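Data block below; observations after.
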Amino acid sequence: MYIPHIYKNENLEEIKEFLKHNSFGILINQLEGKPWATHLPLELWTDDNGAHLLEGHLAKANPQWKAFQDEAEVLCIFNGPHAYVSSSWYQEEEVTTWNYIAVHIYGRLKILDESGTMASLHRLVDKYEKDSKKPLSLNDLSPKTLRQVKGVVGFQIKIIDIQAAYKLSQGRPEDHAEIIQELGQREDAGSKAISKKMKKLNP
């Protein structure tokens with residue numbers, strides 16, 4: 001994606017942390033010559049060789065998987081918070097804009113077998129159940145229920161390129177305090193999150 005240099009984030013640890021908390025992404029590939037996209041959890045993890053991977057699964061009823069080929073390149077998009085920024089908050093006249101965080105990941109796809117898919121599902125469920133009052137484990141489910149795994153296609157994506165845009169008014173440091181205050185007073189979660197992120201980067 002197009003990212004002006006001032007907004008490019010190349011801090012891998014920060015990006016990894018972002019992905020862990022914003023893992024509901026969009027998987028994009030080509031199906032019969034047309035772009036196809038599915039919204040789904042895409043979980044970041046590191047294999048035994050230290051390679052960073054994304055894992056996911058989708059229903060076999062979704063035709064997207066029929067275009068999956070091992071080593072085929074795909075695009076995954078992750079959206080973070082975003083917020084409208086009014087130029088009335090600036091010290092000098094300027095156009096309004098939008099602040100946001102977004103990450104694009106390009107990678108090579110590999111289809112998992114049933115055991116690999118089940119291992120991936122265990123990691124997914126364990127991650128999101130750990131803070132539940134009564135955590136569920138797939139080990140608690142009956143074989144009949146777990147047979148539903150036959151209805152999904154699991155996959156891994158080996159990451160080959162990461163593009164991260166953190167547009168947080170970096171070009172207007174003189175206006176940061178006002179922007180942070182105004183966004184923090186808004187009711188929507190996106191504005192509050194961008195305000196918090198700007199404040200963290202510019203204490």
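Bear in mind that the values in this text are calculations on the coordinates, not laboratory data. No experiment lies behind these values; they were computed from the predicted model shown. Every residue, glycine as well, gets a Cβ built from its backbone with ideal geometry; the counts of neighbours run over all protein chains shown.
Just the number, please: Stokes-Einstein D of the chain in µm²/s, Kirkwood Rh from C-alpha pairs, 10 °C, 1.306 mPa s. Write out the running numbers ahead of the final one.
Numbers: Rh = 19.1 Å.
D = 83 µm²/s.
What are the trypsin sites (Lys or Arg not before Pro) within the range 1-102 that DSSP puts in a loop, where the Cβ has at most 15 other Cβ atoms within 10 Å? Could you put the intermediate results ahead of the total?
Numbers: sites: 8, 16, 20, 60, 66; in loops: 60.
Listed in order of number, the matching sites are 60.
Nearest 20 debye, what's the magnitude of the dipole of the range 84-203 about its Cα centre given +1 on Lys and Arg Cβ and -1 on Asp and Glu Cβ? Don't skip to the end; give the middle numbers.
Values: 19 positive and 16 negative charges, 191 e Å.
Here the size comes out at about 920 debye.
Under a straight-distance cross-link criterion of Cα-Cα below 14 Å, which aspartates and glutamates are reachable from residue 192, leaving out those fewer than 8 residues away in the same chain?
178, 182
Counting helices only, and only those DSSP H runs with n ≥ 4, report the 222 nm mean residue ellipticity of the chain as the sum of -39,500 (n - 2.57) divided by its residues, in deg cm²/dmol to the nearest 500.
Result for the chain: -7500 deg cm²/dmol, rounded to the nearest 500.
Using θ = phi - 60° and the Karplus curve 6.51 cos²θ - 1.76 cosθ + 1.60, what whole-Hz ³J(HN,Hα) does each residue of the range 66-77 get, with Gly and Pro shown as x?
Using θ = phi - 60°, the values come out as 5, 9, 5, 9, 4, 6, 5, 7, 10, 10, 10, 10 Hz.
For the range 97-203, which GluC sites (Glu not before Pro) are in a loop by DSSP, counting at most 10 other Cβ atoms within 10 Å?
Here the GluC sites (Glu not before Pro) that fit, given the DSSP loop and packing criteria, are 187.
May I ask you to derive the FRET efficiency for residue 136 and residue 6 from their Cβ-Cβ distance with R0 = 41 Å, giving the value to the nearest 0.05?
According to the calculation, E is roughly 0.40.
Projected onto the charge dipole of the chain (+1 at Lys/Arg Cβ, -1 at Asp/Glu Cβ, origin at the Cα centre), which of 67, 103, 89 gives the Cα projection farthest towards the positive end?
After comparing all options, I get 67.
Please work out the C-alpha center-to-center distance from the range 15-71 to the range 72-107 and express it in whole Å.
22
With charges set only on the Cβ (+1 for Lys and Arg, -1 for Asp and Glu), what does the dipole of the chain come to about its Cα centre, in debye to the nearest 20?
Once rounded to the nearest 20, the dipole reads 780 debye.
With labels modelled as points extended 7 Å from the Cα through the Cβ direction, what inter-label distance (nm, one decimal) is found for residue 178 paired with residue 32?
5.4
For the pair residue 94 and residue 188, how long in nm is the line joining their label points, each one 7 Å along Cα→Cβ?
2.0
For the range 5-174, what's the relative contact order in percent, using C-alpha pairs closer than 8 Å and at least 6 residues apart?
29
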